[in-house]
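Scroll down for the structure; my scribbles are underneath it.
Laboratory data are not the source of any read-out in this text; all were calculated from the coordinates shown. What you are looking at is a predicted structure, and each value in this text was computed from that prediction instead of being measured. Quick reminder, even Gly has a Cβ in these numbers, built from the backbone with ideal geometry, and neighbours come from all protein chains shown.
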Amino acid sequence: MIKEAFQYLVSLGAADIHTVNGQEYSDKQLHLIKEGTARSINLHSLTGLVEYLKSDFDGEEKLMVHVVSPTEVVVFDQLNSNKSRSEFIEAKAMIPSFSFDRWHDSEDFNIKLQSCFVKNEDRDIMLKVVGNIKEEAVNTVGDDGVSQSVVAKTGVASVGNVKVPNPVVLKPYRTFVEVDQPQSEFIFRMKSGPSCALFEADGGAWKLEAMKNIKNYLKQELSKEVDEGNIVIIA
């Protein structure tokens with residue numbers, strides 16, 4: 001106990017610096033007192049991010065806007081003396097939830113098509129097929145490996161074989177609403193139940209397009225700040 005007490009008292013003294021083979025060593029562990037950094041504000045829109053940057057609320061520092069992903073953008077400043085950055089804004093998109101690569105019953109699928117996808121021609125065709133399918137005829141699905149057909153209503157009082165569209169080109173809500181939603185191909189499949197599913201078929205190329213759309217939107221909205229060199233935008 002006495003030995004430990006003396007070691008503690010010695011540790012309270014000033015550190016001695018020694019030079020060995022051109023390198024400096026301390027006889028005590030030193031802790032860096034870091035320069036403070038800002039904590040980010042959380043937003044859910046690009047509009048709010050632009051309003052903050054135009055306000056110069058926290059001064060007129062040179063800032064970088066990083067489009068991290070289709071659903072996330074962060075704003076930070078230059079490195080400080082500790083090689084750390086202050087992150088001022090973190091914007092994360094709020095998008096409706098839809099599970100790709102999973103089977104949905106026809107009613108749920110119909111609702112999701114209308115609420116989670118931008119209206120276009122292929123979406124409307126799918127709604128007609130899914131909305132008019134005859135439940136008792138689900139076992140008559142014909143499949144050649146690529147295309148499918150189901151028995152569905154074709155008129156007020158008639159039914160007939162209807163070809164299931166495949167592949168389909170759709171625009172799900174997958175990024176900030178201020179920018180154009182990227183369009184991509186999906187494999188549309190149906191099975192007994194009736195159940196429906198969409199499988200992504202573009203290898204994730206939509207993510208690059210979404211990030212480019214975000215960058216172009218920010219460059220347009222912050223053109224003055226970008227031209228003056230106060231803001232740099234990367235994606």
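Things worth noting here:
- Our estimate of slack between D108 and E60, defined as 0.36 nm per intervening residue step minus the Cα-Cα distance, is 12.3 nm.
- Order of T71, T175 under a 10 Å beta carbon neighbour criterion, fewest first: T71, T175
- Between segment 79-95 and segment 31-77, the alpha-carbon center distance in angstrom: 5
- Computed over neighbours whose Cβ is under 13 Å from that of I17, the net charge equals -2, Lys and Arg +1, Asp and Glu -1.
- Nitroxide proxy distance, nm - points 7 Å out along Cα→Cβ at T37 and S84: 0.6
- Gain on full stretching of the segment that runs from E200 to D16 - 0.36 nm per residue minus C-alpha separation: 59.9 nm
- Restraint check, K83/K212; K112/K207; K92/K128, Cα-Cα greater than 32 Å: K92/K128
- In terms of the mean number of neighbouring beta-carbon atoms within 10 Å, the peptides 178-189, 196-207, 16-27 order highest first as 178-189, 196-207, 16-27.
- Segment S99-E51, length gained on full extension (0.36 nm per residue, minus Cα span): 14.0 nm
- In nm, spacing of pseudo-spin labels at H44 and E24 (7 Å Cα→C-beta vector): 5.1
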